[in-house]
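Okay, so here's the structure we're looking at.
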Amino acid sequence: MQTRNRILRLPPLILGAALMLMTARAHAETPSVLGYWRTPSGAVVLIAPCGRTLCAEIAALSAGKHPLTDTRNPDPKLRSRPLCGLRIGAGFVEIDPQHARSGRLYDPKSGHTYSGQMTAQGNLLQLRGYLGLPIFGRSETWVRASRPPPCPPG
C-alpha cells in the first residue's frame, strides 16, 4: 500500500517540476536589453543595472590586432586606460525589459560620445547612437552572447 501511495504522488511531483522548468525557460526567453551582447566588431559588452539606470561596459575585446587602450579619447590623460572593462554606456532608463532610452554611448573607435537608445528583439539588440534627435544617427545590431572570460589584469 505504501508503494502504491508513492507512485500516486509521483506524477504531481513530475508535473510540478515540468511546469517550473517550462516557466523558467519562458522567462529566460523573454527579450531583455540586459545581458552580454556581441558587437559587429566582435567585442562583448555587458548591459547591467548601475544605480537607477543601466550601464554598458566592454566585457571582452575582439580577437585581432587593435588598440588595447582608449587611444582615441579626447582627454589625453585617459588614453592609457584599458578598453576591456571600460564603461561605454551610462544613464539608460529602462522603459520596459525590451527598451532603454536617454543614455549616453561612448565610441572608443572614434572618441565621440552620443545619445543612445536600445531595443531587444529576441537574441538581437538594436542600438542607436545619435546627436540631437534619433533621426540624426546610426544603428547597430548586436547579438546576444555568453559570458566571456574576465578581462586580463591590466
(message) Skipping prolines and chain starts, which residues have an amide H placed within reach, meaning under 5 Å, of the one on A43, given they are 5 or more residues away or on another chain?
(response) S62
(request) Select from segment 77-144 those chymotrypsin sites (Phe, Trp or Tyr not before Pro) which occupy a DSSP coil region and have at most 16 other Cβ atoms within 10 Å, ordered by residue number. (result) F136
(message) Suppose we keep just the alpha-carbon trace of segment 65-127; what are its Rg and Dmax in angstrom?
(response) 13.6, 40
(message) For segment 39-154, what does the accessible surface come to per residue with a 1.4 Å probe? Please give it in Å².
(response) 60
(request) Answer with one residue from A59, I95, L46: the one whose Cα lies farthest towards the positive end of the charge dipole of segment 35-107, charges on Cβ with Lys, Arg +1 and Asp, Glu -1. (result) A59
(request) Under 1.5 on a/c is rounded, so check that first for segment 105-154, then, if it is not, pick prolate when a/b is larger than b/c and oblate when it is not; a ≥ b ≥ c are the square roots of the alpha carbon gyration tensor eigenvalues. (result) oblate
(request) Decide, for segment 28-82, between rounded, prolate and oblate: order the square roots of the alpha carbon gyration tensor eigenvalues as a ≥ b ≥ c, take rounded if a/c falls under 1.5, and otherwise choose prolate if a/b is larger than b/c, else oblate. (result) oblate
(message) Output wanted: per-residue J couplings in Hz (rounded whole) for segment 93-107, from phi through Karplus 6.51 cos²θ - 1.76 cosθ + 1.60, θ = phi - 60°, x for Gly and Pro.
(response) 9, 6, 6, 7, x, 9, 9, 9, 9, 6, x, 10, 10, 9, 9
(message) Taking θ = phi - 60°, what integer Hz values does the Karplus form 6.51 cos²θ - 1.76 cosθ + 1.60 yield along segment 52-65, in sequence order, with x for Gly and Pro?
(response) 8, 10, 10, 10, 10, 9, 6, 9, 7, 8, 6, 6, x, 8
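The values are calculated or read from the model by the stated rules, or taken from the named source; none is laboratory data. The structure displayed is predicted, hence computed values, not measured ones. No Cβ is skipped: glycine too gets one built from the backbone with ideal geometry, and neighbour counts run over all protein chains shown. All accessible areas refer to the heavy atoms of the entire protein, side chains included, with ligands and DNA or RNA removed. Shrake-Rupley method; radii C 1.70, N 1.55, O 1.52, S 1.80 Å.
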